[in-house]
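J.: Got a structure here, written out as C-alpha coordinates. Questions coming.
The values are calculated or read from the model by the stated rules, or taken from the named source; none is laboratory data. Keep in mind that this is a model prediction, so the values were computed, not measured. Note that we place each Cβ from the backbone using ideal geometry, even for glycine, and neighbour counts take in every protein chain shown. Please note that ligands, DNA and RNA were not included when accessible areas were found on the heavy atoms of the full protein model with its side chains. Shrake-Rupley method; radii C 1.70, N 1.55, O 1.52, S 1.80 Å.
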Amino acid sequence: MKSIRLQSVSRVFGRTFALHRVSLELEPGTLTGLVGDNGAGKTTLLNILATLDKPSDGEVHFGRHDWTTFAQKGRHKIGWVSHDSLVYGELTGRENLEFFATMYGLGDGAALADRWLERVGLTRAADRRVNAYSRGMKQRLTLARALLHEPAILLLDEPMTGLDQDGRREMSELFMQLRDEGRLLVLITHSLDMLEGLADRLAVLRRGKLTHFGPVEADEDVADTYKVHA
Ligand SMILES: Nc1ncnc2c1ncn2[C@@H]1O[C@H](COP(=O)(O)OP(=O)(O)OP(=O)(O)O)[C@@H](O)[C@H]1O
(Lines give C-alpha, C1' and ligand atoms only; values in the text may rest on other atoms or scores of the structure.)
Protein backbone atom coordinates (compact mmCIF):
# COMPACT_ATOMS: atom_id res chain seq x y z
CA MET A 1 0.00 0.00 0.00
CA LYS A 2 1.15 3.49 -0.82
CA SER A 3 0.82 6.87 0.86
CA ILE A 4 -1.47 9.64 -0.31
CA ARG A 5 0.46 12.90 -0.63
CA LEU A 6 -1.15 16.32 -0.95
CA GLN A 7 1.11 19.07 -2.23
CA SER A 8 -0.12 22.62 -1.82
CA VAL A 9 -3.72 21.68 -2.54
CA SER A 10 -6.26 24.49 -2.88
CA ARG A 11 -9.95 24.26 -3.69
CA VAL A 12 -11.78 27.47 -4.52
CA PHE A 13 -15.56 27.97 -4.73
CA GLY A 14 -16.21 31.42 -6.17
CA ARG A 15 -14.20 33.64 -3.83
CA THR A 16 -14.04 31.12 -1.01
CA PHE A 17 -10.90 29.11 -0.41
CA ALA A 18 -12.41 25.91 0.97
CA LEU A 19 -8.80 24.63 1.09
CA HIS A 20 -5.73 26.82 0.92
CA ARG A 21 -2.35 25.29 0.09
CA VAL A 22 -2.79 22.15 2.15
CA SER A 23 0.20 19.78 2.17
CA LEU A 24 0.27 16.52 4.08
CA GLU A 25 1.10 12.84 3.72
CA LEU A 26 -1.28 10.09 4.80
CA GLU A 27 0.44 6.78 5.37
CA PRO A 28 -0.94 3.24 5.25
CA GLY A 29 -1.47 1.73 8.68
CA THR A 30 -2.39 5.07 10.23
CA LEU A 31 -5.61 6.73 11.33
CA THR A 32 -5.70 10.49 10.86
CA GLY A 33 -8.30 12.53 12.73
CA LEU A 34 -9.53 15.58 10.83
CA VAL A 35 -11.03 18.37 12.96
CA GLY A 36 -12.09 21.95 12.34
CA ASP A 37 -15.01 24.30 12.76
CA ASN A 38 -18.03 24.31 10.46
CA GLY A 39 -16.90 25.42 7.02
CA ALA A 40 -13.20 24.75 7.75
CA GLY A 41 -12.82 22.53 4.68
CA LYS A 42 -13.01 19.01 6.15
CA THR A 43 -15.63 17.68 3.76
CA THR A 44 -13.89 19.31 0.81
CA LEU A 45 -10.67 17.53 1.77
CA LEU A 46 -12.44 14.19 2.22
CA ASN A 47 -14.14 14.60 -1.17
CA ILE A 48 -10.78 15.18 -2.83
CA LEU A 49 -9.33 12.10 -1.09
CA ALA A 50 -12.36 10.15 -2.32
CA THR A 51 -11.71 11.41 -5.88
CA LEU A 52 -15.22 12.93 -5.88
CA ASP A 53 -13.71 16.38 -6.33
CA LYS A 54 -10.50 17.81 -7.77
CA PRO A 55 -8.19 20.51 -6.42
CA SER A 56 -8.32 23.93 -8.12
CA ASP A 57 -4.56 23.99 -7.62
CA GLY A 58 -1.87 21.68 -6.27
CA GLU A 59 -1.39 17.94 -6.59
CA VAL A 60 -2.55 14.73 -4.97
CA HIS A 61 -0.46 11.62 -5.43
CA PHE A 62 -1.12 8.01 -4.54
CA GLY A 63 2.34 6.52 -4.73
CA ARG A 64 3.55 7.54 -8.19
CA HIS A 65 0.04 8.06 -9.55
CA ASP A 66 -1.75 11.37 -9.90
CA TRP A 67 -4.71 10.57 -7.65
CA THR A 68 -7.20 12.76 -9.51
CA THR A 69 -6.62 11.10 -12.89
CA PHE A 70 -6.18 7.70 -11.28
CA ALA A 71 -9.80 7.87 -10.08
CA GLN A 72 -11.33 5.37 -12.48
CA LYS A 73 -8.81 2.70 -11.56
CA GLY A 74 -8.40 3.72 -7.96
CA ARG A 75 -11.95 3.99 -6.67
CA HIS A 76 -12.18 0.35 -5.71
CA LYS A 77 -9.50 1.10 -3.14
CA ILE A 78 -11.82 3.47 -1.30
CA GLY A 79 -14.46 2.75 1.35
CA TRP A 80 -16.73 5.48 2.70
CA VAL A 81 -18.73 5.63 5.93
CA SER A 82 -20.82 8.59 7.11
CA HIS A 83 -23.20 8.96 10.03
CA ASP A 84 -26.10 7.99 7.77
CA SER A 85 -26.76 4.27 7.95
CA LEU A 86 -26.61 3.29 4.31
CA VAL A 87 -28.42 0.01 4.79
CA TYR A 88 -32.00 -1.18 4.21
CA GLY A 89 -34.18 -1.46 7.31
CA GLU A 90 -36.60 -3.98 5.80
CA LEU A 91 -33.82 -6.45 5.06
CA THR A 92 -31.82 -8.47 7.57
CA GLY A 93 -28.14 -7.68 8.15
CA ARG A 94 -27.15 -10.69 6.09
CA GLU A 95 -29.53 -9.81 3.23
CA ASN A 96 -28.13 -6.28 3.14
CA LEU A 97 -24.54 -7.45 2.74
CA GLU A 98 -25.48 -10.12 0.18
CA PHE A 99 -27.44 -7.52 -1.77
CA PHE A 100 -24.55 -5.05 -1.92
CA ALA A 101 -21.98 -7.78 -2.66
CA THR A 102 -24.11 -8.87 -5.64
CA MET A 103 -24.69 -5.30 -6.77
CA TYR A 104 -20.94 -4.60 -6.73
CA GLY A 105 -20.22 -7.89 -8.54
CA LEU A 106 -18.07 -9.16 -5.70
CA GLY A 107 -18.54 -12.90 -6.18
CA ASP A 108 -19.63 -15.14 -3.32
CA GLY A 109 -22.01 -12.78 -1.49
CA ALA A 110 -22.99 -15.34 1.16
CA ALA A 111 -19.37 -15.98 2.16
CA LEU A 112 -18.55 -12.27 2.15
CA ALA A 113 -21.61 -11.49 4.27
CA ASP A 114 -20.63 -14.18 6.79
CA ARG A 115 -17.07 -12.92 6.96
CA TRP A 116 -17.95 -9.28 7.52
CA LEU A 117 -20.88 -9.94 9.85
CA GLU A 118 -18.43 -11.79 12.05
CA ARG A 119 -15.79 -9.05 11.81
CA VAL A 120 -18.22 -6.40 13.03
CA GLY A 121 -19.76 -8.63 15.71
CA LEU A 122 -23.19 -9.11 14.11
CA THR A 123 -23.23 -12.86 13.49
CA ARG A 124 -25.91 -13.49 16.11
CA ALA A 125 -28.08 -10.66 14.76
CA ALA A 126 -27.46 -11.58 11.11
CA ASP A 127 -30.99 -12.80 10.42
CA ARG A 128 -32.83 -10.01 12.19
CA ARG A 129 -34.28 -7.09 10.28
CA VAL A 130 -32.10 -4.01 10.45
CA ASN A 131 -35.10 -1.95 11.63
CA ALA A 132 -34.75 -3.81 14.93
CA TYR A 133 -31.01 -3.01 15.25
CA SER A 134 -29.67 -0.39 17.65
CA ARG A 135 -27.96 2.64 16.12
CA GLY A 136 -24.56 1.15 17.00
CA MET A 137 -25.44 -2.12 15.26
CA LYS A 138 -26.62 -0.23 12.16
CA GLN A 139 -23.33 1.67 12.08
CA ARG A 140 -21.34 -1.55 12.35
CA LEU A 141 -23.37 -2.99 9.47
CA THR A 142 -22.74 0.20 7.48
CA LEU A 143 -19.02 -0.28 8.15
CA ALA A 144 -19.24 -3.92 7.00
CA ARG A 145 -20.96 -2.76 3.83
CA ALA A 146 -18.13 -0.29 3.17
CA LEU A 147 -15.55 -3.04 3.65
CA LEU A 148 -17.05 -5.74 1.42
CA HIS A 149 -14.66 -4.90 -1.42
CA GLU A 150 -11.62 -4.79 0.91
CA PRO A 151 -10.71 -1.12 0.40
CA ALA A 152 -7.20 -0.05 1.39
CA ILE A 153 -8.43 3.48 2.15
CA LEU A 154 -11.32 4.12 4.53
CA LEU A 155 -12.84 7.60 4.69
CA LEU A 156 -15.06 8.22 7.71
CA ASP A 157 -17.30 11.29 7.87
CA GLU A 158 -18.43 11.65 11.50
CA PRO A 159 -19.10 7.92 11.77
CA MET A 160 -19.76 8.03 15.54
CA THR A 161 -22.45 10.72 15.56
CA GLY A 162 -25.42 9.58 17.61
CA LEU A 163 -23.65 6.60 19.15
CA ASP A 164 -23.54 6.06 22.91
CA GLN A 165 -20.31 5.25 24.75
CA ASP A 166 -20.51 1.51 24.07
CA GLY A 167 -21.26 2.14 20.41
CA ARG A 168 -18.29 4.50 20.11
CA ARG A 169 -15.98 2.06 21.84
CA GLU A 170 -17.03 -0.77 19.53
CA MET A 171 -16.51 1.38 16.44
CA SER A 172 -13.13 2.62 17.72
CA GLU A 173 -11.96 -0.96 18.27
CA LEU A 174 -12.95 -1.88 14.74
CA PHE A 175 -11.16 1.16 13.32
CA MET A 176 -8.00 0.22 15.20
CA GLN A 177 -8.11 -3.33 13.86
CA LEU A 178 -8.56 -2.03 10.32
CA ARG A 179 -5.66 0.38 10.82
CA ASP A 180 -3.48 -2.42 12.21
CA GLU A 181 -4.18 -4.45 9.04
CA GLY A 182 -2.38 -1.71 7.13
CA ARG A 183 -5.34 0.30 5.87
CA LEU A 184 -5.24 4.08 5.65
CA LEU A 185 -8.05 5.70 7.64
CA VAL A 186 -9.16 9.34 7.76
CA LEU A 187 -11.89 10.29 10.23
CA ILE A 188 -13.73 13.61 10.43
CA THR A 189 -15.01 14.53 13.87
CA HIS A 190 -16.00 17.61 15.82
CA SER A 191 -14.75 16.11 19.05
CA LEU A 192 -11.09 15.65 19.84
CA ASP A 193 -12.06 13.37 22.73
CA MET A 194 -13.10 10.77 20.20
CA LEU A 195 -9.59 10.68 18.77
CA GLU A 196 -7.62 10.17 21.96
CA GLY A 197 -6.06 6.72 21.99
CA LEU A 198 -7.39 6.15 18.47
CA ALA A 199 -5.78 8.54 16.01
CA ASP A 200 -2.10 8.42 15.09
CA ARG A 201 -2.21 11.89 13.59
CA LEU A 202 -4.35 14.94 14.02
CA ALA A 203 -5.01 17.31 11.13
CA VAL A 204 -6.60 20.63 12.06
CA LEU A 205 -8.16 22.88 9.45
CA ARG A 206 -9.00 26.53 10.08
CA ARG A 207 -10.70 28.40 7.25
CA GLY A 208 -9.17 26.10 4.69
CA LYS A 209 -5.64 26.18 6.08
CA LEU A 210 -3.93 23.24 7.73
CA THR A 211 -2.82 24.67 11.08
CA HIS A 212 -1.68 21.45 12.74
CA PHE A 213 -0.61 18.03 11.47
CA GLY A 214 1.00 15.77 14.04
CA PRO A 215 0.39 13.92 17.28
CA VAL A 216 -3.04 14.27 18.86
CA GLU A 217 -1.88 15.45 22.29
CA ALA A 218 0.79 17.87 21.17
CA ASP A 219 -1.15 21.05 20.56
CA GLU A 220 -2.73 22.64 23.64
CA ASP A 221 -4.41 25.30 21.57
CA VAL A 222 -6.07 22.59 19.51
CA ALA A 223 -7.08 20.71 22.65
CA ASP A 224 -8.68 23.84 24.14
CA THR A 225 -10.72 24.42 21.03
CA TYR A 226 -11.92 20.93 20.23
CA LYS A 227 -12.01 19.05 23.50
CA VAL A 228 -15.53 18.33 24.68
CA HIS A 229 -15.92 18.95 28.38
CA ALA A 230 -18.79 16.65 29.22
N1 LIG B 1 -20.08 23.02 -3.65
C2 LIG B 1 -19.78 24.16 -3.01
N3 LIG B 1 -20.11 25.35 -3.53
C4 LIG B 1 -19.79 26.49 -2.89
N5 LIG B 1 -19.14 26.55 -1.72
C6 LIG B 1 -18.79 25.40 -1.15
C7 LIG B 1 -19.08 24.13 -1.75
N8 LIG B 1 -18.59 23.16 -0.95
C9 LIG B 1 -18.03 23.79 0.11
N10 LIG B 1 -18.15 25.12 -0.01
C11 LIG B 1 -17.61 26.12 0.93
O12 LIG B 1 -16.29 25.74 1.26
C13 LIG B 1 -16.04 25.94 2.65
C14 LIG B 1 -15.63 24.62 3.29
O15 LIG B 1 -16.76 23.76 3.31
P16 LIG B 1 -16.70 22.26 3.86
O17 LIG B 1 -18.06 21.66 3.66
O18 LIG B 1 -15.54 21.56 3.28
O19 LIG B 1 -16.43 22.50 5.43
P20 LIG B 1 -16.55 21.47 6.64
O21 LIG B 1 -15.33 21.69 7.48
O22 LIG B 1 -16.81 20.11 6.15
O23 LIG B 1 -17.82 22.02 7.42
P24 LIG B 1 -18.93 21.25 8.31
O25 LIG B 1 -18.26 20.88 9.59
O26 LIG B 1 -19.98 22.29 8.50
O27 LIG B 1 -19.41 20.07 7.52
C28 LIG B 1 -17.31 26.56 3.22
O29 LIG B 1 -17.16 27.95 3.23
C30 LIG B 1 -18.38 26.13 2.25
O31 LIG B 1 -19.45 27.05 2.22
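J.: Can you give the charge dipole size of the chain about its Cα centre, rounded to the nearest 20 debye, using +1 on the beta carbon of Lys and Arg and -1 on the beta carbon of Asp and Glu?
T.: Approximately 640 debye in magnitude.
J.: Which FRET efficiency value, to the nearest 0.05, is calculated for Arg75 and Glu196 with the Förster distance at 35 angstrom and r the Cβ-Cβ distance?
T.: Result of the calculation: an efficiency of 0.65.
J.: Please report, as a whole percent, how much of the solvent-accessible surface of the chain comes from carbon and sulfur atoms (probe radius 1.4 Å).
T.: Exposed carbon and sulfur together represent 46 percent of the surface.
J.: Tell me, what is the FRET efficiency for Asn38 and Thr68 to the nearest 0.05, using R0 = 25 angstrom and their Cβ-Cβ distance as r?
T.: 0.45
J.: Further question on the same structure: Between Glu25 and Met103, what length comes free when the chain is fully extended (0.36 nm per residue of separation minus the Cα-Cα distance, one decimal in nm)?
T.: 24.8 nm
J.: Which of Ala126, His61, Gly89 sits farthest toward the positive end of the charge dipole of the chain, with +1 on the Cβ of Lys and Arg and -1 on the Cβ of Asp and Glu?
T.: His61
J.: Work from the charge dipole of the chain (Cβ charges, +1 for Lys and Arg, -1 for Asp and Glu, about the Cα centre) and give the residue of Leu24, Leu117, Gln7 farthest towards its positive end.
T.: In the chain, that residue is Gln7.
J.: In percent, how large is the relative contact order of the chain, given Cα pairs closer than 8 Å and 6 or more residues apart?
T.: 29 percent
J.: What residues have an amide H closer than 5 Å to that of Ser82, excluding those fewer than 5 places away on the same chain, when H is modeled at 1.01 Å from N in the peptide plane?
T.: Asp157
J.: Quote to one decimal, in nm, the extra length available between Gln7 and Asp166 on full extension: 0.36 nm per residue of separation minus the C-alpha distance between them.
T.: Contour length minus the Cα-Cα distance gives 53.4 nm.
J.: Using the Cα centre as the reference, give the magnitude of the dipole from point charges on the C-beta atoms of the stretch 18-135 (Lys, Arg: +1; Asp, Glu: -1; all else neutral), rounded to the nearest 20 debye.
T.: Around 120 debye, computed over the stretch 18-135.
J.: Still on this structure, please answer the following. Output the antiparallel fraction of DSSP beta bridges having both residues in the stretch 75-230, as a percent to the nearest 5.
T.: Of all bridge pairs located within the stretch 75-230, approximately 40 percent are antiparallel.
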